[in-house]
Amino acid sequence: MSLFDSLFKKPSAEELIGPVANPANFSEEELAALKEASLSEEAPARGPERYTTIDNPPAALLNDVFPNFPLPYFTLFRNNRGLTTPPEVWDFVRTRWPVLAGKTNEQLYEALGPITAVKVDFRQL
């Protein structure tokens, strides 16, 4: 690995978040998927082109200021306004990270708490 490789290597979710409590008794794979989701720059309501949305996206997954751009998972889970993660996001999470498909919203909220308690700056991604 060259000097430049180490300078520009994107840190993994595990490197950024580290070990956390697991109150919902998720497997290591499930916890890793939820950590990855909490740092993802993907937007669940994003359409095929940049700045477009899917058909009839849930309003909670869009910016609340016109032109209502889709919000990335990072913002939905780790917003600075102290807003609760919208329940509409969980179906998209289950689709994107199939290992979480069998988890209820309540289990996902419970497991997410210790993950989002670890502060991560968007500029680190």
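The values are calculated or read from the model by the stated rules, or taken from the named source; none is laboratory data. Everything numeric here is computed off the predicted structure, so don't read it as measured data. Note that we place each Cβ from the backbone using ideal geometry, even for glycine, and neighbour counts take in every protein chain shown. Quick note on the areas: whole protein, heavy atoms, side chains included, nothing else; ligands and nucleic acids left out. Shrake-Rupley method; radii C 1.70, N 1.55, O 1.52, S 1.80 Å.
Working only within region 32-57, note down all residues that are open to solvent by less than 20 Å² (accessible area, probe 1.4 Å) and outside any loop (DSSP other than H, G, I, E, B).
Scanning region 32-57 gives ALA33, LEU34, LYS35, ALA37, SER38, LEU39.
Looking only at region 87-98, which residues are assigned to a helix (DSSP H, G or I), open to solvent by less than 40 Å² (accessible area, probe 1.4 Å) and touching a residue at least 24 places away in the same chain (Cβ under 8 Å)?
VAL89, VAL93
Considering region 76-86 alone, what residues qualify as being touching a residue at least 24 places away in the same chain (Cβ under 8 Å) and more than 17 Å from GLY18 (Cβ to Cβ)?
If the condition is that a residue be touching a residue at least 24 places away in the same chain (Cβ under 8 Å) and more than 17 Å from GLY18 (Cβ to Cβ), then LEU76, THR85, PRO86 are the ones that fit.
Could you please find all residues in region 58-84 being farther than 22 Å from LYS119 by Cα and either among the aliphatic types (A, V, I, L, M) or surrounded by 13 or more Cβ atoms within 10 Å (Cβ to Cβ) (or both)?
PRO58, ALA59, ALA60, LEU62, VAL65, ASN68, PHE69, PRO70, listed by residue number.
So, of the residues in region 99-125 that are touching a residue at least 40 places away in the same chain (Cβ under 8 Å), assigned to a loop (DSSP other than H, G, I, E, B) and hydrophobic (A, V, I, L, M, F, W, C), which turns out to be least open to solvent (accessible area, probe 1.4 Å)?
VAL120
How many of the residues in region 15-31 are part of a helix (DSSP H, G or I) and open to solvent by 90 Å² or more (accessible area, probe 1.4 Å)?
Number satisfying all stated conditions: 3.
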